[in-house]
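These notes concern the structure reproduced below.
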Amino acid sequence: GKNEYDLLVIGGGSGGLACAKEAAQFGRKVAVLDYVEPSPQGTTWGLGGTCVNVGCIPKKLMHQAALLGSALKDAQHYGWNIAQPAHHTWSVMAQAVQNYVKSLNWGHRVQLQDKKVKYFNMKGSFSDPHTVRGLTKAGKETIVTADNIVIATGGRPKYPTQVAGALEYGITSDDLFWLKESPGKTLPSFILYVSLECAGFLTGIGLDTTVMMRSIPLRGFDQQMASLVTEHMESYGTKFLKRCFPTKVGKLESNRLQVTWKNTDLGTEETDVFDTVMWAVGRAPDTKTLNLETVGVKTNSETGKIVVDASEATSVPHIYAIGDITEGRPELTPTAIAAGKLLAQRLFGHSSELMDYDNVPTTVFTPLEYGCVGLSEEAAVQCHGSDNVEVFHAYYKPLEFTVAERDATQCYMKMVCLRGREQRILGLHFIGPNAGEVIQGFALGIKCGATYPQLMKTVGIHPTCAEEVTKLHITKRSGLDATVTGC
């Protein structure tokens, strides 16, 4: 018989919702199936996926809380009379952030209703390539059939199960943003960027925070920039346990957590006591209930992610996958949204445009923000050879740091270019205030194939940090001092 829907999306996160809403614009019959499995600590949330509930949105708001704390210290230098030390109340911030997130959950439900997209709050699993069995929290079953099915269930944080007590006593980013009370003395362990971002805002609101990192910071990012980010965090007050890995977490009678770890440099075993231990060891694709094997959807056996082609199609006709659950794609909300919209346009709008995953800009919201677009210096050298790559760079001081006498040692930018006559820009990296805002603008130029000479013809806006990008003239190759002085 005829299938009930033209499109069924499994997963109500950024990519899934964008795909469903776009498909509905073409007058198609669309349904979204979304379900949040409680975290091991029992945390749950509403419609909207990771970004809205336990990712970008609450993280940026808590980062803003920390920036305001730094601004309060600066304010005295600018003539504001503010009693010091200023104290932060976690519960007030958390309540405000959580209320805003709940408003977004509600907004998503209203939008689906307005666009006549059917919403099922159910856990889905495949029965056959066109049929999904939905199960409510109470165990009530609904069978949904569709001509096309898009998997957009994203990922969930992993736990280091080899560490005794990790699951019983640790939390992840799934829990941190929904805590009602302050996490107190906190140990974010391992060094994914979410670990650094959380450590940054926890330090910024006055909490004793220690980051444990086994290897390099910000894997996959430019390593010179990653080192500057962590150097600034250390000067800002975040403690680091480098080349260490945890072996055991136990609960004391006081309810505090005793963590034991190995220091690989010294070959010693060390312990300390914390109020909260947060794991940031990567994310696993949320596929366990989907029953992918039954329908033959191919996954990468190492990562568990779904293998897709350039059109987001899986190994099974009419089944697609987008976002964090797909192999080899950036785990970023805007790419999932763009991919979801383009997929719906190809399915129902006579389009053939594919998602372009090159030159996607991104920002790490550490206390001193790091924004980038394009290739890292290492990737450029690996791709083109060191003789064919030119790196322009500068250490600069934001004007707003001067009166407040803030240390700007780590405020740095570099532009990675091809060395030929054209000098096409391969990558731009920026550490400093409002890095995301700075990089977003330059990302358009780089996407359009901007060259170094073109950038030099761009007039800067004075006095801004972004202006310094338009004045980059010292190359690493020259060995000259790259410190910007005066105007």
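The values are calculated or read from the model by the stated rules, or taken from the named source; none is laboratory data. Please read all numbers here as calculations on a predicted model, not as lab measurements. Neighbour counts are summed over all protein chains in view; Cβ atoms, including those assigned to glycine, are modelled from backbone coordinates with ideal geometry. Ligands, DNA and RNA are stripped out before the accessible areas are found, and what is left, the full protein with its side chains, is counted by its heavy atoms. Shrake-Rupley method; radii C 1.70, N 1.55, O 1.52, S 1.80 Å.
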- Message: I'd like to know which of Gly427, Gln440, Asn291 lies farthest towards the positive end of the charge dipole of the chain, counting +1 on Cβ of Lys and Arg and -1 on Cβ of Asp and Glu.
- Response: Asn291
- Message: Quick check: at a probe of 1.4 Å, how many percent of the accessible area of the range 1-149 sits on carbon and sulfur atoms?
- Response: 53
- Message: Once the convex hull of the alpha carbons of the range 349-487 is built, what does its volume come to per residue, in cubic angstrom?
- Response: 141
- Query: Could you give the radius of gyration (one decimal) and Dmax (whole number) of the Cα atoms in the chain, in Å?
  - Reply: 24.0, 75
- Qualifying trypsin sites (Lys or Arg not before Pro) for the range 287-341 [loop in DSSP, other Cβ within 10 Å: at most 14]: Lys288, Lys298
- Task: Find the relative contact order for the range 368-478 and round it to a whole percent, using C-alpha pairs within less than 8 Å whose residues are 6+ positions apart.
- Result: 33
- Note on the structure: Among chymotrypsin sites (Phe, Trp or Tyr not before Pro) in the range 55-129, those in a DSSP loop whose Cβ has at most 14 other Cβ atoms within 10 Å are Tyr78, Trp80
- Note on the structure: Mean accessible area per residue over the chain (1.4 angstrom probe, all protein chains present, square angstrom) is 47
- Query: Given a cut-off of under 8 Å on Cα pairs at least six residues apart, what relative contact order in percent is computed for the chain?
  - Reply: 15
- Work out the length of the dipole vector of the range 158-281 about its Cα centre, built from +1 on the beta-carbon of each Lys and Arg and -1 on the beta-carbon of each Asp and Glu, and round it to the nearest 20 debye. 240
- Kirkwood Rh, the range 158-281, all Cα pairs: how many Å? 14.6
- Message: I want to check the label-to-label distance for Thr247 and Gln454. Put each point 7 Å from Cα in the C-beta direction and report it in nm to one decimal.
- Response: 5.6
- Among the lysines, which fall within straight-line cross-link reach of Lys239, defined as a Cα-Cα distance under 19 Å, with same-chain neighbours fewer than 8 residues apart omitted? Lys185, Lys262
- Task: Please list Arg421, Arg219 in order of solvent-accessible area, largest first, computed with a 1.4 Å probe with all protein chains present.
- Result: Arg421, Arg219
- Message: Quick check: pseudo-label points 7 Å beyond the Cα along Cα→Cβ at Thr44 and Ser301, how many nm apart are they?
- Response: 3.7
- Backbone HN-Hα couplings from phi across the range 387-397 [Karplus 6.51/-1.76/1.60, Hz, Gly and Pro as x]: 5, 9, 10, 10, 10, 9, 8, 7, 9, 9, 10
- Note on the structure: Under the Karplus relation with 6.51, -1.76 and 1.60 and θ = phi - 60°, whole-Hz ³J(HN,Hα) for the range 71-87, x at Gly and Pro, equal 5, 4, 5, 4, 4, 4, 5, 9, x, 7, 8, 10, 4, 10, x, 7, 9
- Task: Set Lys and Arg Cβ to +1 and Asp and Glu Cβ to -1, take the dipole of the range 368-478 about its Cα centre, and tell me which of Thr451, Gly371, Thr464 lies farthest positive.
- Result: Thr451
- Task: Place a +1 charge on the Cβ of each Lys and Arg in the chain and a -1 charge on the Cβ of each Asp and Glu, then give the dipole magnitude about the Cα centre in debye, rounded to the nearest 20.
- Result: 840
- Translational diffusion of the range 403-454, µm² s⁻¹ [Kirkwood Rh, Cα pairs; Stokes-Einstein; 4 °C; 1.567 mPa s]: 105
- Rounded to the nearest 20 debye, dipole of the range 303-352 from Cβ charges on Lys, Arg, Asp, Glu: 140
- In degrees, nearest 10, the alpha-carbon axis of helix 333-348 is tilted away from the dominant principal axis of the alpha carbons of the chain by 40
- Query: Applying the Karplus parametrisation 6.51 cos²θ - 1.76 cosθ + 1.60 with θ = phi - 60° to the phi angles of the range 53-63, what ³J(HN,Hα) value in whole Hz is obtained for each residue in order, glycine and proline being reported as x?
  - Reply: 9, 9, x, 3, 5, x, 4, 5, 5, 6, 4
- Query: Any idea which of Pro246, Gly204, His232 is furthest toward the positive side of the dipole for the range 158-281, if Lys and Arg beta-carbons carry +1 and Asp and Glu beta-carbons -1?
  - Reply: Pro246
- Query: Is it possible to state the helix-based mean residue ellipticity at 222 nm for the chain, with each DSSP H run of 4+ residues giving -39500 (n - 2.57), the sum divided by total residues, to the nearest 500 deg cm²/dmol? What is it?
  - Reply: -9000 deg cm²/dmol
